[in-house]
Amino acid sequence: MTVDLNLVGAKGAIAEAAEGKWGMSIDQDICTGCQACVAACAMENNISFVGEEDAGYGRSQHWIRIERFWEGAYPEVKATPFQPMLCQQCGHAPCEPVCPVFATPHSEAEQLNLQVYNRCVGTRYCANNCPYQVRSFNWRDYHTIPERGNMVNGTLVFPLHNQFNPDVTVRRRGVMEKCTFCIQRIHKAQDKAKSEGREVEDGEFTTACAQACPANAITFGRVDHPESLVSQLTHQKRGEKHLEELNTLPRVTYLKEG
Amino acid sequence: MSEATLLAVFEDIDPAANAIEKLHELGVTDENINVISGVPVAHKMLGRPHPPTNVSRLSMGGAIAGFLFGLFLNFGTPHLYNVPVGGQFFTPIPPGMIILFEMTMLFALLATFLGVFLDSDFPNYQPMEYVAEVSDGKIAVFFRCAQQEALKITETLNKLGAESVRPAEARQL
Amino acid sequence: MAVASKYLPGAKQAHDTHHEEEDHKQYLMFDPKPRGEMNAMVMESMHTTSWKFWVVFGILSVIVAVCFFYAWGYMIAEGLWVAGVMRPSYWGIFLVNTVFWIGISHAGTFISAILRVFKAEFRRPFTRAAELMTTFGLIQAGASIFMHMGRVWLSYWMFPLPNERQLWPNFHSPLMWDLLAITTYVLGSTMYLFLPLIPDLAMARDRSTGWRKTFYKILALGFRGTEGEWRHLITAMNFFAFAIIPVMFSVHTIVSWDFAMAMRPGWSSTVYGPYFVLGALHSGMGAVAVVLFIMRTTMKHMDYFIRKEHFDALGKLMLMVTFAYTYFFFNDYIVQWYGGDVATDNLLHWLEEGPMAWMFFQMVAFNIIIPPLLLWSKKIRQTPWLLALIGIMINVGMYWERYIIIPVTLSINRMPFTWKLFEPRMDVFLTIGTFSMFLLFYMLASRLIPLIPVWEVQEGQMAHSLRKVGKAHVPTLSDFE
């Protein structure tokens, strides 16, 4: 799918072609709000543990969060379905053009929003311009707060460093980060398929959140393949996308009230 | 024939203008006269020719250079390393207007500033003919004339109301 | 009239004419002094330094060392968590300060460029004081931008330079436009400050000794005041006066675009450009009033140069700017209110009923309601301390305005789950640091730079005279330029 971005009207052309490549569907009707996806994501992507106080103030760094709402006033409250929120990997991402240093470009090959940690200078404009508020900033080097380490033979040792995922960069303070659709897993699967001389099959791999979901509410895969599971779920009648009116072309479909 | 450089100090514009007129009559040409003043005095008031300046030409040159630099930044650099962002064009025109405007203005202003330096020979810390009274609002006319006429001219200028007429000597400012 | 004149004896009439001339003496331009005397007064005002100056100077230096340099260094070493920024207020007080200081800086250009282009004569004695505010304000604005960055040590990646793979910065980004515009403005306004300063530096060079002599000699560049030098200087100043006006408008418009280009409720507004420009002038004029008051009360001989007429003229300007600002303010909010977009509605409810409602209504009172009520009165306009007080009030109001536009507006977005109110933390110290640094620079400049452009005042006094028309003496201005 190549679109000449220099053509007048290219935005519209993209909009039509922009099913995207990788997509996700989240079934809110079966989501139990158990937060397993949040935990799995944190393990997979080396997300900082910011601690109670900072998380309470709004500095949690989770790439996926479970939003919980209710309707009405106490005591007549009615809970609405849980709403897992993560980067929607927009086709027209508002976060991308505002970065002064191209730290958040668009991948044409994978149709994903990339975040280049070592290019980021921390202006945080992308996070302001994200209508989904899913970008998280490294306010501090949470991985190496001295009070959280153990002094062993005169050197500080951080036990949690032992569970870092070697496939994912550990981010330092002052850079932005966000959900990558587990791009390391995508690449691993593609490499494996290539070495075996085949295409990546549907369901061969999935993201950490989808893998961890006990209710199978999250499905990940190729939305541009009509026969894939995620594509079929996405095109159900009850599928809807968040803030579609902003023309962001989100790649995550929420299934609700089927 | 040796030449003398004299410096006549005047209180006001009128006597200075008269003196310059007299100097012309006495055969001192405009190229051999210069006026130093503490406030800008228009050349018309003293009956002097319009002093040439390159400053506006340099501003124009700067503006053109800035415009070209802006063109390069907005329409050139994206081709050196192509990064697609947000479904926008690689070389968008509306933001380009801003880049072009800012760069044009920046270079034009810098060139103007530089123009003052180039045209006026700034900075110049060499000894020069100068009298400090000038910054007290007086007008100093300094001119070059033949040695033998110096005395005659001095007398004439004194009659015209010069506060002092003396040989100009270059001194450290 | 005939009846009235019957009762007026001839002697009284003569007295009236005399009185009229006395009235005109209230104006600096009609009360000329010999240039030498004015030079001496300006030099003396630079040299006369009381112990109080050094006490204030010392205190400010300590504050700058602690609240600016130490606090910033600590923040760089620790990360931005020491400041109040968080999700959803990713931008906090640092950008409030940036917008505020850029706003302050607009006054200098407005007074020295627009009033120069339109030949408003009251500008003459305080163009330099206002231009210094531009330069020093922009320094604080620039520092605040760098404070705000997560990895400030890599800020040079935003400069228009390629990296080793020929990757240049992203010119789609409003922040890049901002960087280029602010750079243009800083350089432009500093050069524009320096050009009219050269003759005054030459004046100071001619009448000082010791280290000051060396200092002025270097800065005066060997200026003598020859016809050619004046001509080049004035050509350049004319060009600057015209060229810097669009640059000034573009700078604050682009600053407003940092917000207006974003898809945020409350920010995405097409009127933001002119609204911000007027807001900048609003706070800038107020700041000029404060600076003039401080100059007049603390520096020697300044009551000769800065008079009631200047405060009066400034008060009128403030009144006009208040009206214009009110117009844009109303325009912005009524369009947002009428639109009925749900996110914007939430925001407006938050502003008027939320915990920061006090700030919103104080802003309306300080910026829009109180200034025009007071500035109508000539008596108030001509009372320097009152005008300075109004200036401070407007600046508090304008600071609140920026605070509401950035962290308070950011609290509300399209994802209700993340709504959260910003709390200022160490940003407060850094704010105090930038304010102290501005004052410190200004105090230092008042000892080193002739704050009154003497040659411009003399030029004005030469151009002004009283012409007799019938029985009256009418102020007359000759157009020398």
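The values are calculated or read from the model by the stated rules, or taken from the named source; none is laboratory data. These figures come from a predicted structure and were not determined experimentally. Using ideal geometry, Cβ is built from the backbone for each residue, glycine included, and neighbour counts are taken over all protein chains shown.
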From (1) within 14 Å of another protein chain (Cβ to nearest Cβ); (2) part of a helix (DSSP H, G or I); (3) farther than 30 Å from C:GLU459 by Cα, pick out the condition that doesn't hold for C:ARG116. (3)
Within the range B:83-124, can you find the residues that are outside any helix (DSSP H, G or I) and among the aliphatic types (A, V, I, L, M)? B:VAL83, B:VAL85
Looking only at the range A:176-215, filter to residues that are touching a Gly at 6+ places or on another chain (Cβ under 8 Å) and in a loop (DSSP other than H, G, I, E, B); which one of those is surrounded by the fewest Cβ atoms within 10 Å (Cβ to Cβ)? A:GLY203
Got at least one residue in the range B:16-29 being free of Cβ contacts under 8 Å to residues at least 24 places away in the same chain, within 14 Å of chain C (Cβ to nearest Cβ) and either more than 16 Å from C:TRP230 (Cβ to Cβ) or not in a strand (DSSP E or B) (or both)? no
If you check C:PRO407 against the conditions, is it surrounded by fewer than 18 Cβ atoms within 10 Å (Cβ to Cβ), touching a residue at least 40 places away in the same chain (Cβ under 8 Å), within 14 Å of chain A (Cβ to nearest Cβ) and touching a helix residue (DSSP H, G or I) at 6+ places or on another chain (Cβ under 9 Å)? no
Restricting the range A:62-77 to residues that are at the interface with chain C (Cβ under 9 Å from one of its Cβ atoms) and part of a loop (DSSP other than H, G, I, E, B), the residue that is farthest from the chain's Cα centre (by Cα): A:PHE69
Going through (1) under 25 Å from C:LEU80 (Cβ atoms); (2) modelled with pLDDT of 95 or more one by one, A:LYS192 fails only at (1)
Against the conditions (1) among the aromatic types (Phe, Trp, Tyr); (2) surrounded by 13 or more Cβ atoms within 10 Å (Cβ to Cβ); (3) modelled with pLDDT under 95; (4) out of contact with any helix residue (DSSP H, G or I) (no Cβ under 6 Å at 6 or more places or on another chain), where does C:TYR70 fall short? Just the number, please. (3)
Meets criteria (crowded, with 17+ Cβ neighbours inside 10 Å, within 14 Å of chain A (Cβ to nearest Cβ), of a type outside the set (Ser, Thr, Tyr) and under 24 Å from A:PHE137 (Cβ atoms)) for C:ASN163: no
Pair list, Cβ under 9 Å, 6 or more apart: the range C:112-127 residue of a type in the set (Val, Ile, Thr), other residue in a loop (DSSP other than H, G, I, E, B): C:ILE114/C:ALA120; C:THR127/C:PRO196; C:THR127/C:PRO453
Could you grab me the full set of residues in the range C:26-42 that are at the interface with chain B (Cβ under 10 Å from one of its Cβ atoms) and hydrophobic (A, V, I, L, M, F, W, C)? C:MET38, C:ALA40
Answer yes if at least one residue in the range C:203-210 is assigned to a helix (DSSP H, G or I), surrounded by fewer than 22 Cβ atoms within 10 Å (Cβ to Cβ) and hydroxyl-bearing (Ser, Thr, Tyr), and no otherwise. no
Filter the range B:113-128 down to the residues that are at the interface with chain C (Cβ under 8 Å from one of its Cβ atoms) and either over 30 Å from B:ALA17 (Cβ atoms) or out of contact with any Ser or Thr (no Cβ under 7 Å at 6 or more places or on another chain) (or both) and list them by number. B:PHE113, B:VAL116, B:PHE117, B:SER120, B:ASP121, B:PHE122, B:PRO123, B:ASN124, B:TYR125, B:GLN126, B:MET128
Test: A:PHE220 is on the phi > 0 side of the Ramachandran plot, buried (at least 17 other Cβ atoms within 10 Å of the Cβ) and touching a residue at least 12 places away in the same chain (Cβ under 8 Å): no
Filtering the range A:118-149 for residues that are closer than 18 Å to A:PHE49 by Cα and either within 7 Å of chain C (Cβ to nearest Cβ) or out of contact with any Leu (no Cβ under 7 Å at 6 or more places or on another chain) (or both) leaves a count of 13
Here the qualifying pairs (Cβ atoms under 7 Å; residues six or more apart or on different chains; first in the range B:69-82 and in a helix (DSSP H, G or I); second among the aromatic types (Phe, Trp, Tyr)) come out as B:PHE69/B:PHE107; B:LEU73/C:PHE171; B:ASN74/C:PHE171; B:THR77/C:TRP168; B:PRO78/B:PHE90; B:LEU80/C:TRP168
Close pairs (8 angstrom Cβ cut-off, 6 or more residues apart or separate chains): facing another protein chain (nearest Cβ under 8 Å) in the range B:40-55, among the aromatic types (Phe, Trp, Tyr) anywhere: B:PRO40/C:TRP230; B:PRO40/C:TRP455; B:VAL41/C:TRP230; B:ALA42/C:PHE480; B:VAL55/C:PHE239
In the range C:166-202, the residues that are of a type in the set (Gly, Ala, Ser), within 9 Å of chain B (Cβ to nearest Cβ) and in a helix (DSSP H, G or I): C:ALA181, C:GLY188, C:ALA202
From the list C:MET176, C:MET133, which residue is surrounded by 24 or more Cβ atoms within 10 Å (Cβ to Cβ) and either closer than 30 Å to C:PHE480 by Cα or at pLDDT below 90 (or both)? C:MET133
Criterion (farther than 12 Å from C:PHE171 by Cα and at the interface with chain C (Cβ under 8 Å from one of its Cβ atoms)) met by exactly one of B:LEU68, B:LEU110, B:LEU73, B:LEU58: B:LEU110
Hey, does the range B:145-164 have a residue that's facing chain C (nearest Cβ under 9 Å), within 31 Å of the chain's Cα centre (by Cα) and among the charged types (D, E, K, R)? no
Determine whether C:ILE145 is in a helix (DSSP H, G or I), among the β-branched types (Val, Ile, Thr) and facing chain A (nearest Cβ under 10 Å). yes
Any residue in the range B:155-168 that's among the aliphatic types (A, V, I, L, M): show its pairings with residues that are part of a loop (DSSP other than H, G, I, E, B) and at pLDDT below 85 at Cβ separation under 7 Å, as long as the two are six or more apart or on different chains. none
Which listed residue is within 23 Å of the chain's Cα centre (by Cα), basic (Lys, Arg) and modelled with pLDDT of 90 or more, from C:ARG128, C:ARG116: C:ARG128
